[in-house]
Amino acid sequence: MADRVTVIGWDGSPLTEAARSALSAATLVAGAAHHLALPEVPPDAERIRLGSVDLAARRIAGHRGTAVVLADGDPGFFGVVRTLRAPEHGLEIEVVPAVSAVAAAFARAGMPWEDSRVVVAHQRTLRRAVNVCRAHPKVAVLTSPGAGPAELALLLDGVHRTFVVCEELGTDREQVSVLTSDKAADHVWRDPNVVLVIGGGSTGAVTPGGTWLTGQDPAALPVRGWGLPPEEYAPDGHRPGAAPSAPAGARPTAGEDPALRAAQLARLGPRVGDLVWDIGCAGGAFAVEAARFGAAVIAVDADPAACARTEATARRHGVPLQAVPGRAPHVLESLPEPDVVRVAGGGVPVVRACTDRRPERIVAHASTRDEAEAIGAALDDGGYAVESLLLQTVGLDPADWSERDRSVVFLLSGRRIDRAP
């Protein structure tokens, strides 16, 4: 086993005294080609071109001497330190960090970044990285070949963002480009690069007391809780879609009932990296609450006015989403792949179209038993384990405990059954 393993971060600036000292004593040096070409690398040291970190770690573990691993930026931030510390390698390491590529990218852009999301995009995780870019107003994407700025732009089709593309940071070939996402697919970009994806909401809001948490601060959202009454999502205090003369306490329809919405959200479990389809978005209450969980949301409705209401509701609540007018199931054909789906309109044909896209979870509701049985059968035929509940909620006036409103609805939820090929 190597007597000592030092991991050195490199950001293009001169190496620190600690880094030079470790390199001068190294009998094995692992790194990319530009690292191994550094003049501080001892000429008689064994050199390993760093491709597979696991393979390099095994060779280091069998080396008798002093090993150094060179890596770009901060090697403890989405870097080689995690792999080298895996128990199977048995390595004890010291780390000499440098400025991370993300910190350098935001510095080049002159922007703070404690309120950003940071994601790694490679071909296996590209779709989830794009979903984070849909759902959050400030995202740093550490790219890889085949999952770079052009691919991000193509998958963000229909969603406007500003890209700050930082190529080869810290080298004499460094270049920073600012352009809109629809133009990024027309370029050929050099690796490695970091992409700052900006837009879709407020990126400079200051919460009371200042920032205290990396990523999106929950305190920046205007309301606490979920499964809120419909009037929370209507600017005039009326339930979404109600006539202007309707009283604020007007009884919601079955599909708008907050208890049903809460149960649907609980079964879908939208989370960061997911894409949610909300089919039949009405006034946007469900779509906004799903977005507040950090998921990307595409809200669909045959009524363009419903899409406009949903977009307005999202703006008021400080969350980005995409509203797509059109009639399901036909409009669904052009949408990107969902992770979870809520079907609030269209019945069995829409449920069947959704099962064909194989999301992990689907929820729907029905007003009658016959309709519920038909939706449940469609979910079962599509390869989903089905749960059916009859939900009854009764709103009470706390002044005299009289009944204020009542809702009775069937909740159908499907969980995808992943069968072996």
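The values are calculated or read from the model by the stated rules, or taken from the named source; none is laboratory data. None of the values given here were measured: they were computed from a predicted structure. Using ideal geometry, Cβ is built from the backbone for each residue, glycine included, and neighbour counts are taken over all protein chains shown. Just so you know, the surface numbers come from the protein's heavy atoms only, side chains and all, with ligands and any DNA or RNA stripped out. Shrake-Rupley method; radii C 1.70, N 1.55, O 1.52, S 1.80 Å.
Restricting VAL341, VAL348, VAL363 to residues that are assigned to a helix (DSSP H, G or I), out of contact with any Asp or Glu (no Cβ under 7 Å at 6 or more places or on another chain) and among the aliphatic types (A, V, I, L, M) narrows the list to VAL348.
Could you check region 78-92 and list, in sequence order, the residues that are touching a residue at least 40 places away in the same chain (Cβ under 8 Å) and surrounded by fewer than 17 Cβ atoms within 10 Å (Cβ to Cβ)?
Within region 78-92, PHE78, GLY90, GLU92 meet the criteria.
Looking at region 150-170, can you tell me whether even one residue there is of a type in the set (Phe, Trp, Tyr) and under 22 Å from VAL272 (Cα atoms)? Within region 150-170, one or more residues are of a type in the set (Phe, Trp, Tyr) and under 22 Å from VAL272 (Cα atoms). Screening ALA282 against (1) open to solvent by 10 Å² or more (accessible area, probe 1.4 Å); (2) at pLDDT 95 or above; (3) in contact with a Pro (Cβ under 6 Å, 6 or more places away or on another chain); (4) of a type in the set (A, V, I, L, M) leaves a single unmet condition, (2).
Can you tell me which of THR313, THR368 is modelled with pLDDT under 95 and either out of contact with any Leu (no Cβ under 8 Å at 6 or more places or on another chain) or crowded, with 24+ Cβ neighbours inside 10 Å (or both)? It would help to see each step written out before you state the result.
Working: THR368 fails: modelled with pLDDT under 95.
Step by step, each of THR313, THR368 is checked, and only THR313 is modelled with pLDDT under 95 and either out of contact with any Leu (no Cβ under 8 Å at 6 or more places or on another chain) or crowded, with 24+ Cβ neighbours inside 10 Å (or both).
Counting only residues that are under 28 Å from the mean Cα position of the chain (by Cα), give me the helices (runs of 4 or more DSSP H) lying completely in region 29-90 with at least 3 of them.
On the way: elements: 33-36, 53-61, 81-84.
Passing ranges, in order: 81-84.
Residue-wise test of (1) open to solvent by less than 20 Å² (accessible area, probe 1.4 Å); (2) closer than 22 Å to CYS281 by Cα; (3) assigned to a strand (DSSP E or B); (4) aromatic (Phe, Trp, Tyr).
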residue	(1), (2), (3), (4)
ALA328	no, yes, no, no
LEU332	yes, yes, no, no
GLY376	yes, yes, no, no
PHE410	no, yes, yes, yes
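Across region 294-310, the qualifying residues are those that are touching a helix residue (DSSP H, G or I) at 6+ places or on another chain (Cβ under 7 Å) and in a loop (DSSP other than H, G, I, E, B), and the one among them that is surrounded by the fewest Cβ atoms within 10 Å (Cβ to Cβ) is GLY294. For GLU17, are the conditions met, namely being in contact with a Leu (Cβ under 7 Å, 6 or more places away or on another chain) and acidic (Asp, Glu)? For GLU17, the condition - in contact with a Leu (Cβ under 7 Å, 6 or more places away or on another chain) and acidic (Asp, Glu) - is not met. On inspection, GLU151 does not qualify as of a type in the set (D, E, K, R), open to solvent by 30 Å² or more (accessible area, probe 1.4 Å) and part of a strand (DSSP E or B).
Identify, please: which residue in region 213-263 is at pLDDT 50 or above and of a type in the set (Ser, Thr, Tyr) and is, among those, surrounded by the most Cβ atoms within 10 Å (Cβ to Cβ)? For region 213-263, the residue satisfying everything is TYR233.
In region 165-179, which residues are hydrophobic (A, V, I, L, M, F, W, C) and surrounded by fewer than 14 Cβ atoms within 10 Å (Cβ to Cβ)? Walk me through it before giving the result.
The initial filter retains those residues of region 165-179 that are hydrophobic (A, V, I, L, M, F, W, C), namely 165-166, 169, 176, 178-179.
The one that is hydrophobic (A, V, I, L, M, F, W, C) and surrounded by fewer than 14 Cβ atoms within 10 Å (Cβ to Cβ): VAL178.
For region 385-405, the condition holds for no residue, the condition being that it is of a type outside the set (S, T, N, Q), touching a Pro at 6+ places or on another chain (Cβ under 7 Å) and surrounded by 14 or more Cβ atoms within 10 Å (Cβ to Cβ).
Out of the residues in region 95-124 that are among the β-branched types (Val, Ile, Thr) and in a strand (DSSP E or B), which is surrounded by the fewest Cβ atoms within 10 Å (Cβ to Cβ)? Within region 95-124, the match that is surrounded by the fewest Cβ atoms within 10 Å (Cβ to Cβ) is VAL120.
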